Amino acid sequence: MDIRGRRRSTNVEDRRGMRIGRPALGIGLGGLAIMLVLSLLGINPLPFMAGLQQQSPQMQPSEQPYQEGAEEAALREMTEVVLADTEDTWSEVLPGYGIDYQAPTLVLFADAVQSECGGASAASGPFYCPLDQKVYLDMTFYRDLHERFGAPGDFAQAYVIAHEIGHHVQNLVGTAREVREQQAQAGQAQANDLSVRMELQADCFAGVWANTAQRSRQLLSPGDIDEALAAASAIGDDRIQRQTQGYVVPDSFTHGTGEQRQRWFMRGYEAGRPDNCDSFAAAQL
């Protein structure tokens, strides 16, 4: 991915020099146990944390200022360039569907962070909070993507950012609210199915971004799509469950299999249109 001379987004909030202040997250040992089980099952614990929270701690400056190394600075620059390009893409695409794009803020944090959706640690991975319209990212996830999941490369990292921005698009168009309302009235199996369809649509939106980034701005380099597909496969529910617990429980999937995630990313990339990303109407994922 060629980021030389590219615009860098200013919609970045750097909290790496901050910590969660007192009072600490009031979730107790029982809440921590629930979070651990959810994580081992490959389920993002963030949506469950709001119910476990007893207090709302604030972010405070840490005692020692955060020191950014050269490698982190390069990763931050890449993140800012990708974020800027998603802004360009969705500002170009969404007006054609009668929607003005409102860019989200990307929050960089280290170790732990507080959002309007609750608290989270780096172990939760990148996430989007619809309540404050912010994407949260600890850049150590890029290292995990390479070392733990076997998906190296800058475009693998870019895919992760574009996926989270896909959730922001879902929030803007109203899909996120509709899914939450349906999940509140659904059984666990149906709620999980809705979650999978939500995630696969975000993957498809990431593909739409990749298509536009290449067609309009020639951002991609040879091998980039292969990197994105490797990342999509690596963070599928089936592979994560097999890696963490040694077996797979399809009924508990919330993000989709690696193959499904690859398929929906390519669907968006090949079509280049968000109306080709209706995973909720798909008979087969």
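The values are calculated or read from the model by the stated rules, or taken from the named source; none is laboratory data. Here the structure is a predicted model, which means the values were calculated and not measured. Reconstructed Cβ throughout: ideal geometry from the backbone, glycine too, with neighbour counts over all protein chains shown.
Failed condition for residue 141, given (1) assigned to a helix (DSSP H, G or I); (2) within 12 Å of the chain's Cα centre (by Cα); (3) crowded, with 21+ Cβ neighbours inside 10 Å, with all others met?
Result: residue 141 fails condition (3) only.
Is there any pair with a first residue in region 126-140 that is closer than 11 Å to residue 108 by Cα and a second that is crowded, with 21+ Cβ neighbours inside 10 Å and among the acidic types (Asp, Glu) whose Cβ atoms are under 6 Å apart and which are 6 or more apart or on different chains, and what are they?
126/164; 135/164
Would you confirm, using the coordinates I've provided, whether residue 102 is outside any helix (DSSP H, G or I), closer than 20 Å to residue 202 by Cβ and out of contact with any Pro (no Cβ under 9 Å at 6 or more places or on another chain)?
yes
If I filter region 239-285 down to residues being polar (S, T, N, Q), over 21 Å from residue 149 (Cβ atoms) and in contact (Cβ under 8 Å) with a residue 12 or more places away in the chain, which single residue comes out as surrounded by the fewest Cβ atoms within 10 Å (Cβ to Cβ)?
Going through the qualifying residues, I end up with 276.
Give region 213-236 a look and list any residue that's touching a Leu at 6+ places or on another chain (Cβ under 9 Å) and in a helix (DSSP H, G or I), or say none.
Residues satisfying the conditions are 213, 214, 231, 234.
Considering only residues that are assigned to a helix (DSSP H, G or I) and of a type outside the set (Gly, Ala, Ser), which ones fall in region 265-284? Can you show your working first?
From region 265-284, those assigned to a helix (DSSP H, G or I) are 265-271, 274-276, 279-281; that's our starting set.
Within region 265-284, 265, 266, 267, 269, 270, 274, 275, 276, 280 qualify.
Whether any residue in region 159-173 is closer than 30 Å to residue 111 by Cβ, out of contact with any strand residue (DSSP E or B) (no Cβ under 7 Å at 6 or more places or on another chain), surrounded by fewer than 20 Cβ atoms within 10 Å (Cβ to Cβ) and without any contact (Cβ under 8 Å) to a residue 60 or more places away in the chain is what I want to check.
Yes, some residue in region 159-173 is closer than 30 Å to residue 111 by Cβ, out of contact with any strand residue (DSSP E or B) (no Cβ under 7 Å at 6 or more places or on another chain), surrounded by fewer than 20 Cβ atoms within 10 Å (Cβ to Cβ) and without any contact (Cβ under 8 Å) to a residue 60 or more places away in the chain.
Return the residues of region 116-138 that are part of a loop (DSSP other than H, G, I, E, B), closer than 20 Å to residue 234 by Cβ and not small (Gly, Ala, Ser); say none if nothing qualifies.
Within region 116-138, 126, 138 qualify.
Looking only at region 181-197, which residues are farther than 20 Å from residue 236 by Cβ, touching a helix residue (DSSP H, G or I) at 6+ places or on another chain (Cβ under 9 Å) and charged (D, E, K, R)?
none
Would you check if residue 101 is modelled with pLDDT of 95 or more and under 24 Å from residue 65 (Cα atoms)?
So residue 101 does not fit the description; no.
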